[in-house]
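A.B. asks: Here you go, one structure.
The values are calculated or read from the model by the stated rules, or taken from the named source; none is laboratory data. Quick caveat, the model's predicted, so the values are computed rather than measured. Cβ: placed from backbone, ideal geometry, glycine included. Neighbour counts: every protein chain shown.
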DNA sequence: AAGCAGTTTGAACATATGTGCAAGGAGTCA
DNA sequence: TGACTCCTTGCACATATGTTCAAACTGCTT
C-alpha cells in the first residue's frame, strides 16, 4: 500500500490550498486554476472537493441576528435554549429529516469544539448520522469521551458505538476515551464497584470536566423507537418498568419523565450514562433532534435543563411550540 | 423608486438564508432548493449569489499552520510581519496582480474589523480596488476614518477618495469620518492652524485610537508611479525635492527613505497624513502591496515598522526576499 | 383605469463543474 | 525484472450553475 504521508500529502494539501484560494478568494474558474497549477480541470475539481471535505475551506452561514427565524425566537423565549432550526420540507421522510439535520450539525460542529477541550459524545442513530459527515478540524490536546457504555446482552457493542466515536476522534485529531462497559449492568452494585476502579475514575473525571456534550434524545414509546429500545439492550420487563414509571425518553441512556424528573426510575441505578447533574454542569450541551416522534422526549430533556443548544428540523420545531 | 427595505428585504434575505443553508450545509442542488422554496432554479442561483456577496455566507480558508508557505515563513523571520501571500502566476500583468490581491484582501477584511472598532483607511489605486469588492459584514458602533486629505490643485478630491471610503463604510455599516482637506497644504503653518480646529481635533483623536489601519505603499520613482505622484498632487519642484531627499515611497502621503527615516523631508511638514508614530501605535496595520515596482517602497515601510500584516502577491513577495 | 419606471421572474441558452472509466504510474513482492 | 495492486490522471460525457432576455409584476402618478 502507498503511504506517502510525509511529503506527498503535504504537496497535495498545499495544492489544494492554493486552488481553494484561487477559487474562493479570487473567483477564478477551475479551468484557469488548472492552467496555473499545470494540471487538468478535473484534478482541480477534485482538489477543491478535497479542500472542502478536509475542512481546509470553511463555509459558515452568519445570520444577521435580526433574522433569526420566528420559531428560533419562540424557542429561546419558552425554553431559554439557542435553537438552530434546520429547514426541511414538511413532506420529507423521517430518514431524510435525520440525514439533513445531521449533515447541518456535522458541518457546524467545529464551531463548538476546539483545542484543549473535552467533548462528551453519546451514541445512537443520530450520532451515527452526524459522525458520518463531520467536517474535520485540526485541534491540539483535545479529548473525546464516550458518555455511556454500549454493550448489550448480545454483543459488547464496541463496534457500533466505537465506530461512531472513532469518526469524531479522527475528524478532530482528538484523543478518544472509550467506555467499554455494558449499557446497563444487571446489578446496581456491580456498577458501584466498577466505578471505583482507577481506569473508570479517570473517565468519570473527564466527563465531569467536559466543555461540550453532544447527544440526541431517545424516545421509547413512539412509533419510531430509538436504537436502545430495539437493539436488544432492554428486555420486556424493563420496558414495562419504564412505561410504568412514565418515562418519556433518555439522554445517553439516562431516563427521565416529561417534567424532567428522574427519581424512582430503577433502571437509572444500573445504567452507565452520566448523572444528569454532571451533564448540567457542562457549559455547552448540544442536542440534535429530528422527527416528531421525539418531541415528547425532547420536552422532558428541556424540562430537565439538559440542553443549551438545540439543532432541530423545522416541522419538529413547530410541533415543539405546539 | 421602489424601496422595500422594511419587509421585502427581510423576506428576501430570509429566503437567501434558507437557500444558503440548504446549499452549503445540506448539499442540496439548486433545483431541489427551488422546489422547496417554490421558485425557479434561476432565482435560487440569484439568491445564493446574493447570499455570498452580502456576506451572509462566509467562506474562509484555514491553512493548517504547518502549511504556511515558505515565503511567508521567510518574511516572518526577516521582517517580523505576518505575510499573506496571494498566489498569482508570474506572467500576470500588474493590473491582474492588483486586482487579485485586492479581491483576496476584500474577502478577508471582515476578519480584522469588528464592532466597536475604529479603522483608518488611506486612498489610492490599491484601496480603490479593494473597496470595490469588500464583503459586507454587519457591525455596531464601528467607525471608519480617512487617514489623509485628498484635495489637490485641480479638485477637492472629495469624489475619488470619498467614493472609496464610502464603500468600506457601507460594507460594514460603520460611521465615516471624512477628511476634507487638501493632500498637502501650501504652507506648513496653515496646517498647524487648521489642526487646532475642534472638528479636526476629533478626527485626529480618532486616528490616535485606531484599532486597524489599512493602506498600501506609494512608489514615486518606479515605472508605475502611484496615484499621488501622477494625479496632480505634486508639482515638478516637489518631486525633485523628494528625489533629492532619497525618498522611496509613502504611506498615506507620509514619505520615508529606504531605511524608514523621515527626518528632513520638507513635504511631510505640509502633508495631511498621520504621523508615523500614530500609525505605529495602531495595533493592527494592514498593508496591501502588489507589483514589483513597489518593493523598494515596501522595504522602507517595513524598516519604519509601519506594518503588522502584509498582503502581497507571490512574485513580489519573492522579490522582497531577493 | 391607464401609463410609466424600475424590479423580479422563469425559460432558454451558454458555461462551468462533477464523475465514470480506461490508461498510465508508483510502489511491492516474488 | 515482471506481475501485481492501488492511486492518480485526463478525457468525454452527464449535470449543475450562471446569465440573457422578454414578459409579468409592483407601486406610483396622471
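A.B. asks: Yes or no: residue B:96 without any contact (Cβ under 8 Å) to a residue 12 or more places away in the chain, within 14 Å of chain A (Cβ to nearest Cβ) and closer than 23 Å to residue B:218 by Cβ?
C.D. replies: Yes.
A.B. asks: Still on this structure, I have one more. Filter segment B:36-67 for residues that are within 16 Å of DNA strand C (Cβ to nearest atom), facing another protein chain (nearest Cβ under 8 Å) and more than 19 Å from residue B:107 (Cα to Cα) and give the result.
C.D. replies: Within segment B:36-67, B:36 is the sole residue that qualifies.
A.B. asks: Can I ask one more? Kindly evaluate residue A:70 against the criterion of being modelled with pLDDT under 95 and either farther than 30 Å from residue A:310 by Cα or within 9 Å of chain B (Cβ to nearest Cβ) (or both). First the steps, then the outcome.
C.D. replies: Details: modelled with pLDDT under 95: yes; either farther than 30 Å from residue A:310 by Cα or within 9 Å of chain B (Cβ to nearest Cβ) (or both): no.
Considered against the rule, which asks whether it is modelled with pLDDT under 95 and either farther than 30 Å from residue A:310 by Cα or within 9 Å of chain B (Cβ to nearest Cβ) (or both), residue A:70 comes out as no.
A.B. asks: Give segment A:104-132 a look and list any residue that's within 14 Å of chain B (Cβ to nearest Cβ), over 21 Å from residue B:59 (Cα atoms), modelled with pLDDT of 95 or more and not in a helix (DSSP H, G or I), or say none.
C.D. replies: Correct list: A:115 only.
A.B. asks: Follow-up. Could you tell me which of the residues A:315, A:297, A:261, A:243 is assigned to a helix (DSSP H, G or I) and surrounded by fewer than 18 Cβ atoms within 10 Å (Cβ to Cβ)?
C.D. replies: A:243
A.B. asks: May I ask you to list the residues in segment A:11-33 that are more than 9 Å from DNA strand C (Cβ to nearest atom) and more than 14 Å from residue B:99 (Cβ to Cβ)?
C.D. replies: A:11, A:12, A:13, A:14, A:15, A:16, A:17, A:18, A:19, A:20, A:21, A:24
A.B. asks: Kindly state which helices (runs of 4 or more DSSP H) lie completely within segment B:13-95 and contain at least 3 residues that are touching a strand residue (DSSP E or B) at 6+ places or on another chain (Cβ under 7 Å) and crowded, with 16+ Cβ neighbours inside 10 Å.
C.D. replies: B:70-79
A.B. asks: How about segment A:277-322: which of its residues are under 19 Å from residue A:208 (Cα atoms), out of contact with any strand residue (DSSP E or B) (no Cβ under 6 Å at 6 or more places or on another chain) and free of Cβ contacts under 8 Å to residues at least 60 places away in the same chain?
C.D. replies: A:277, A:280, A:305
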